[in-house]
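Worksheet: the structure to be examined is printed underneath.
The values are calculated or read from the model by the stated rules, or taken from the named source; none is laboratory data. What you see is a predicted model, and the numbers here were worked out from it, not measured in a lab. Glycine gets a Cβ as well: all are built from the backbone with ideal geometry, and neighbour counts include every protein chain shown.
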Amino acid sequence: MTSFFDAHETETPEEREKRLFKALRELIGHAKAASPRWAGVLEGIDPADVTDRAALARLPVVRKAQLLQWQQEARGQGGDAFGGFATAHYGPVLARVFASPGPIYEPQGRSADYWRMARALFAAGFRAGDLVHNALNYHMTPGAFIMEGGAAELGCTVFPAGVGQTELQLQAIADLRPSGYIGTPSHLRLLVEQAIAGRADIASLTKAMVGGEAFPASLREWLAAHGVDAYQCYATAESGLIAYETRSREGMVVDEQVILEIVHPDTLQPVPDGEIGEVVVSVLNPVYPLIRFGTGDLSAILPGRCPTGRTNVRIRGWLGRADQATKVRGLFIRPEQVREALARFPEIERATLVITGEIGKDHMVLKVQVRNPAEGLQGQLASAMREFTRLRCEVEIAGDEEWPADVALIDDRRTVH
């Protein structure tokens, strides 16, 4: 059996960087020429100058909240539903349009395996001739289509089971005898539990690609004990595949058409390998270019290479959200609210909002690092925080002492939240 999906998986790091950055320069030029929005975001950027990661780090980061805001503004003015980020509109180039919460609308181009999921499914053991039971949602959101595109690229046949109707899904598995499952791990566990109870014979399912929720090692081991070898991947509706598990089970290998950075959520500058930061991706998609797209997810680079022989960098997988939104006294506090308050005080170098106590008896302290604080700064900061969050907090000013590199903007230390 072939070990790799294609030759890119065993490129030298130097070959890979050369290929990716050549494609990135072409993408930047195309995006600026074909998209007024990208022309504005990348104003003053010469594609020829983006030759390495240091140059890439000087480009602005585009966040999901900005996608939503710009899409809403454009639609309100009777403009492009995609906020100018797509380089094509309805017609021959686009096959479908999807909606994510917000709503944020995402286009699907007509190229085969548009979201590049075949690589992840291949690593999980899916092959041509497999019948795949796809139990992801086919309604409005792209998840099911992301997986179906990858399965079709491999030569698999797909049963579009969708969500719900467990009894009918069990009957279909018993009748059609698929070898692969795609869907959430919790639903897969439910199907296996129903089979154990004698509701149906689903012994044909021997492999799975799961996503959409946490997949703890304990559940992976439980599924393996019942005959299902399950893997997970990391993908988003906007970017498609970002990284995927291999048979080594040691982190996730980054997709070959993605340039991934791990950055500090506040400074947006790359952090050293091994440190936790926000995942920022540049996706080489000419229909829907994403250049330094901030996913809002946290991860970290793993040292070394994958034991399977794949040479691309690996990440630890999903480690939480960088936005750190939390609820205090019945109100959500989001990082953008804290950032807006801090933006009034350019002398602040670092900040963290520490939340302690119990739910309903919360205590908030905004700790800031300022080398030469002006008189009255504490009171002004407290007023700004109340204006933007509608909540009171104390303010503590720190001087020159060293702060950890990975300090969170919102540090929720309550035991239950």
- Go through (1) in contact with a helix residue (DSSP H, G or I) (Cβ under 8 Å, 6 or more places away or on another chain); (2) surrounded by fewer than 21 Cβ atoms within 10 Å (Cβ to Cβ) and name the single condition residue 261 misses. (2)
- Tally the residues that are on the phi > 0 side of the Ramachandran plot, modelled with pLDDT under 95 and in contact with a Ser or Thr (Cβ under 9 Å, 6 or more places away or on another chain), restricting the search to region 297-319. 1
- Where residues in region 281-304 are more than 14 Å from residue 41 (Cβ to Cβ) and β-branched (Val, Ile, Thr), which of them is farthest from the chain's Cα centre (by Cα)? 287
- Query: Is it true that some residue in region 138-148 is crowded, with 22+ Cβ neighbours inside 10 Å, in the same structural domain as residue 203 (by TED's automatic domain parsing), touching a Ser or Thr at 6+ places or on another chain (Cβ under 6 Å) and farther than 18 Å from residue 204 by Cα?
  - Reply: no
- Task: Restrict the check to region 325-339 and report whether at least one residue is touching a residue at least 12 places away in the same chain (Cβ under 8 Å), of a type in the set (D, E, K, R), touching a Pro at 6+ places or on another chain (Cβ under 9 Å) and at negative phi.
- Result: no
- Message: Tell me yes or no: at least one residue of region 284-296 is in contact (Cβ under 8 Å) with a residue 60 or more places away in the chain and outside the structural domain of residue 71 (by TED's automatic domain parsing).
- Response: no
- Query: Which of (1) of a type outside the set (Asp, Glu); (2) outside any loop (DSSP other than H, G, I, E, B); (3) modelled with pLDDT of 95 or more; (4) buried (at least 21 other Cβ atoms within 10 Å of the Cβ) does residue 224 not meet, given it meets every other one?
  - Reply: (4)
- Message: So for region 217-226 (the condition being free of Cβ contacts under 8 Å to residues at least 60 places away in the same chain, closer than 17 Å to residue 296 by Cβ and polar (S, T, N, Q)), does at least one residue qualify?
- Response: no
- Query: Which of (1) in a helix (DSSP H, G or I); (2) crowded, with 18+ Cβ neighbours inside 10 Å does residue 23 not meet, given it meets every other one?
  - Reply: (2)
- Task: Would you list the helices (runs of 4 or more DSSP H) that sit entirely within region 98-190 and hold 1 or more residues that are in contact (Cβ under 8 Å) with a residue 60 or more places away in the chain?
- Result: 118-123, 143-154
- Which numbered condition residue 278 misses (of (1) assigned to a strand (DSSP E or B); (2) within 30 Å of residue 207 (Cβ to Cβ)): (2)
- Go through the residues of region 373-380 one by one and say whether even a single one is over 31 Å from the mean Cα position of the chain (by Cα), of a type in the set (S, T, N, Q) and either under 30 Å from residue 213 (Cα atoms) or at pLDDT 75 or above (or both). yes
- Do we have any residue at all in region 92-102 that's surrounded by 15 or more Cβ atoms within 10 Å (Cβ to Cβ), under 30 Å from residue 311 (Cβ atoms) and modelled with pLDDT of 95 or more? no
- Check region 34-49 and report whether any residue there is more than 28 Å from residue 277 (Cβ to Cβ) and not aliphatic (A, V, I, L, M). yes
